[in-house]
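K.L.:
Quick one: this structure, given as structure tokens, is what I'll be asking you about.
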């Protein structure tokens, strides 16, 4: 129209706007792509499982040894022995042997026993009680004794008489002989043997027990304390030696096995009738004549009863009196209505033999 001036846009403006839109879209896409890549590369907030190892990486899967695990104090040379060692047949000399199978006269027996320590320390009463020795009955008042007694207050420590393995530790339920008669008890199978047979040391009537089954213990190792559990008339240790089998029928006289004190010895012997058979429960008196200690005690005992106790297979004894002071003693043995007398010399840490026939 005449007089109307039309303003023309600069050339190329629209083309430039189109280019700007395309560039802006490309920038948005690039920013989104980079953001997604950053998210994928960043660690997750939750714990992710470790990759499974290969067999080569696993190797030995056993746990490493603990550095805090206590090491055993003593190393046994063989596997611990179970409670009852299975023997195919019972060896004959683990049971009672008739006296006629022994030597006719035993004059100087070799000192083949007397090797075990004492179950109680010297600072306490470690002398065998003289009133109820092995095989005796207290004049028929009690059952034949299968061990010896050490009377002490409750709580006195008890020790192993030799090294060996604990084959029983706990309350007796009849497996040791009698229903619960031993109370809390410990049995050691000693490392030493006798004629190829195992030797067992039995501790009865204990209060506390500080060892465990199958534990190896050296000599003089603490086992527990004196008590009065089971069939006991008061706190004391009932101590036995068993040979061949850990049972009630396989006991031996402990006073032939315990080592005497330095200036003390052991009296052992047998009392026989005219046919060479044992005379049972004959009264015996051991009276001091001349000893290193003034006025030692006179001891009263008897020969073994006629049931369930065993003489040593070599000695063939039917009485033993241990813990006698070295020196001269008179031994009086009652046969029938009269006493037979013998003078003997008790030697330190040895067995002195006496034999009397009807």
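K.L.:
Going by Cα centres, region 145-201 and region 116-143 are how many Å apart?
P.N.:
Rounded to whole Å, the Cα centres lie 14 Å apart.
K.L.:
Now for a separate question. Find the relative contact order for region 204-358 and round it to a whole percent, using C-alpha pairs within less than 8 Å whose residues are 6+ positions apart.
P.N.:
Dividing the mean separation by the residue count of region 204-358 yields 25 percent.
K.L.:
What is the distance in Å between the Cα centroid of region 296-330 and that of region 240-291?
P.N.:
About 3 Å separates the Cα centre of region 296-330 from the one of region 240-291.
K.L.:
Ranking 315, 248, 131 by Cβ neighbours within 10 Å, fewest first, what do you get?
P.N.:
Fewest-to-most Cβ neighbours within 10 Å comes out as 131, 248, 315.
K.L.:
Given an 8 Å cut-off on Cα distances and at least 6 residues of separation, report the relative contact order of region 260-305 as a percent.
P.N.:
Computed value for region 260-305: 34 percent relative contact order.
K.L.:
Explain nothing, just the number: relative contact order of region 113-241, from Cα pairs under 8 Å at least 6 residues apart, as a whole percent.
P.N.:
Reported as a whole number, the value is 28 percent.
K.L.:
Assuming a ≥ b ≥ c are the square roots of the Cα gyration tensor eigenvalues, decide whether region 109-204 counts as rounded (a/c under 1.5), prolate (otherwise, with a/b larger than b/c) or oblate.
P.N.:
Cα axes put region 109-204 in the rounded bin.
K.L.:
Compute the orientation-averaged projected area for region 308-358 from the convex hull of its Cα atoms and round it to one decimal in nm².
P.N.:
Projected area, direction-averaged: 4.6 nm².
K.L.:
Send over the per residue convex hull volume for region 218-282, Cα only, as a whole number of Å³.
P.N.:
Normalising the Cα hull of region 218-282 by residue number yields 191 Å³.
K.L.:
OK, next. Classify region 224-358 as rounded, prolate or oblate, taking a ≥ b ≥ c as the square roots of the eigenvalues of its Cα gyration tensor: rounded when a/c is under 1.5, otherwise prolate if a/b is larger than b/c and oblate if not.
P.N.:
Because a/c hits 1.5 or more and a/b fails to exceed b/c, region 224-358 counts as oblate.
Read the figures in this text as sums done on the coordinates, not as results from a lab. The shown structure was predicted, so the numbers you read here are calculated from the model rather than taken from an experiment. No Cβ is skipped: glycine too gets one built from the backbone with ideal geometry, and neighbour counts run over all protein chains shown.
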